[in-house]
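Step one of this worksheet: look at the structure below.
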Amino acid sequence: MSLIKSISGIRGTIGGKVGYALTPVDIVKYVSAYAQWLSSLKNTPVVVIGRDARISGEIISALVASTLRSMGIDIIDIGLSTTPTVEMIVMKEKAGGGIIITASHNPIEWNALKFLNQNGEFISSQDGETILQIAEKESFQYASTHTLGKYTFVEKALEYHIESILSLPMVEKEAITQAKFKIVIDAVNSTGGIAVPMLLEKLGVKEIKKINCTPDGHFSHNPEPLPENISQLISEMKNEKYELGIAVDPDVDRLAFVCGNGEPFGEEYTLVAVADYVLQKTHGNTVSNLSSTRALQDITEKHGGKYFPSAVGEVNVVEKMKECNAVIGGEGNGGIILPQLHYGRDALVGIALFLSYLASSKQNAFIIRRKYPSYYISKNKIEIDNAINIDNILAEIQKKYKQNPQNTIDGLRIEFGKDWVHLRKSNTEPIIRIYAESQSQSIAQNMTHKFVIDINEILSSSYTKL
């Protein structure tokens, strides 16, 4: 499989030919390009690196560290960690940037390089394009013997991250301790198995049961924390001995809950519930991407704030949050961004805020979930021949539904009252992804099917030929 070079970094499978997988040669090439770009911004910058527990992570981390040092850059290595922890340590150490070695929710055979700027945030698409251009030219300048970078391993990065969370005024540690919660964790045998229990213990959780918490990288199931992948956790919760189940992905930036009766809280509603709690504490605006549930808009307006949509991708959500001064934001995949802590998706702060909500309201997760309007998202896709211009297809759809409110910041989103459809082209495949949401599951499914038909009708015309 070819390397995937996108706004979220350089991803690929381990093993194979150079240029078609995440090989040692490719790792050195793109890390060198990142270092060259970084050095053009700041003299001899420091870079923070950290990784999830993937089997390939240790090897890749050594390659990344050696390459950066060969470029004259000093390294702060925090070892096994989480994506949000690396982001926070970049800020703490006033580093020039950071590299996170993780393929997030991708299966075990994948890994990736995710690049951060000096603010501990993912680099912009413009900066990413610059790095790709440097990589293609291979215009690297390596350091001489006397100017090689230094290596420092820093322990207790997770402790710093967790203590920063505990110091937030909205985190009600005393109430959580008094609630005597009993919680089950599924950390898919990655670094969440270290970080989440550490957080819960600091919060005073009474009883913690660990499932798949050995950080050896042998993922026990598909690592994306969707209901179909966390059946073991759901089964454990059906025993009704525990109040809450928590699932995170390998790098701990996505978060999902399971109620005490074994019912999934819903990944889309993780952000909704946490935002509800935050908006009870502080007035403000919210942001999520165009493919996320409308429930966040409903909750925001209920609290007197204003909701703003962004293009898909964490860097786009962060940019919009800064623009509208949002107090919380994120994505419908269980990603929570709290600017008061840092501008990055963070499952750990999401856990602390959600437990604060449960403890202070004296309600369980099942009751809280029932407070929110139930929306259903249907997902579909249609493959397009490479000879077809996808932008022309979207333009035709836009004209067909010109009487409906539309948003074109990322593909095309069309509103039908409280229902919506979002069409966006893939950055890596000749595919149009189709998302639809409604308070009726059958209507949502019918909407995605209807737009498949619309697209096929356009494909039969001559408008889309190059």
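Some notes on this structure:
- Strands (runs of 3 or more DSSP E) contained entirely in region 33-125, each with at least 1 residues that are in contact with a Leu (Cβ under 7 Å, 6 or more places away or on another chain) and charged (D, E, K, R): 46-51
- Residue check for LEU279: of a type in the set (A, V, I, L, M, F, W, C), without any contact (Cβ under 8 Å) to a residue 60 or more places away in the chain and open to solvent by 10 Å² or more (accessible area, probe 1.4 Å): yes
- Any chance GLY9 is out of contact with any Asp or Glu (no Cβ under 9 Å at 6 or more places or on another chain), crowded, with 23+ Cβ neighbours inside 10 Å, modelled with pLDDT under 95 and among the small types (Gly, Ala, Ser): yes
- Test result for ILE100, in contact (Cβ under 8 Å) with a residue 12 or more places away in the chain, in contact with a Gly (Cβ under 8 Å, 6 or more places away or on another chain) and buried (at least 21 other Cβ atoms within 10 Å of the Cβ): yes
- For beta carbons closer than 9 Å, sequence separation of 6+ or different chains, a first residue in region 385-400 that is within 18 Å of ARG413 (Cβ to Cβ) and a second that is open to solvent by 60 Å² or more (accessible area, probe 1.4 Å) and at pLDDT 95 or above, the qualifying pairs are LEU394/THR408; GLN398/GLN406; GLN398/THR408.
- Here GLU224 does not qualify as open to solvent by 30 Å² or more (accessible area, probe 1.4 Å), not basic (Lys, Arg) and not in a loop (DSSP other than H, G, I, E, B).
- Matching residues in region 161-193 - criterion: being part of a helix (DSSP H, G or I) and either touching a Ser or Thr at 6+ places or on another chain (Cβ under 8 Å) or not β-branched (Val, Ile, Thr) (or both): HIS161, GLU163, SER164, LEU166, LYS173, GLU174, ALA175, ILE176, GLN178, ALA179, GLY192, GLY193
- Being of a type outside the set (A, V, I, L, M), on the phi < 0 side of the Ramachandran plot and open to solvent by 20 Å² or more (accessible area, probe 1.4 Å) is a description that does not apply to LYS362.
- Single match in THR191, THR214 (criterion: of a type in the set (Ser, Thr, Tyr) and buried (at least 24 other Cβ atoms within 10 Å of the Cβ)): THR191
- When residues of region 318-336 are limited to those that are in a strand (DSSP E or B) and either charged (D, E, K, R) or over 26 Å from GLY204 (Cα atoms) (or both), the one modelled with the lowest pLDDT: GLU331
- Residue check, TYR151 among the aromatic types (Phe, Trp, Tyr), more than 26 Å from PHE354 (Cα to Cα) and open to solvent by 70 Å² or more (accessible area, probe 1.4 Å): yes
- Looking only at residues in region 210-259 that are of a type in the set (D, E, K, R) and under 22 Å from the mean Cα position of the chain (by Cα), the one that is farthest from PHE181 (Cα to Cα) is ASP216.
- Scan of region 90-114 for residues that are within 18 Å of THR44 (Cα to Cα) and either in contact with a helix residue (DSSP H, G or I) (Cβ under 9 Å, 6 or more places away or on another chain) or polar (S, T, N, Q) (or both), ordered by number: LYS92, ALA95, GLY96, GLY97, GLY98, ILE99
- If you check PRO339, PRO309 for being modelled with pLDDT of 95 or more and either among the hydrophobic types (A, V, I, L, M, F, W, C) or not in a loop (DSSP other than H, G, I, E, B) (or both), only one passes: PRO309.
- Qualifying residue in region 429-445 (condition: among the hydrophobic types (A, V, I, L, M, F, W, C), at pLDDT 95 or above, open to solvent by less than 60 Å² (accessible area, probe 1.4 Å) and assigned to a helix (DSSP H, G or I)): yes
- Residue match in region 135-142 (condition: in contact (Cβ under 8 Å) with a residue 12 or more places away in the chain, surrounded by 17 or more Cβ atoms within 10 Å (Cβ to Cβ) and within 16 Å of the chain's Cα centre (by Cα)): no
The values are calculated or read from the model by the stated rules, or taken from the named source; none is laboratory data. Everything quoted here is computed from the prediction, not taken from an experiment. Cβ: placed from backbone, ideal geometry, glycine included. Neighbour counts: every protein chain shown. Quick note on the areas: whole protein, heavy atoms, side chains included, nothing else; ligands and nucleic acids left out. Shrake-Rupley method; radii C 1.70, N 1.55, O 1.52, S 1.80 Å.
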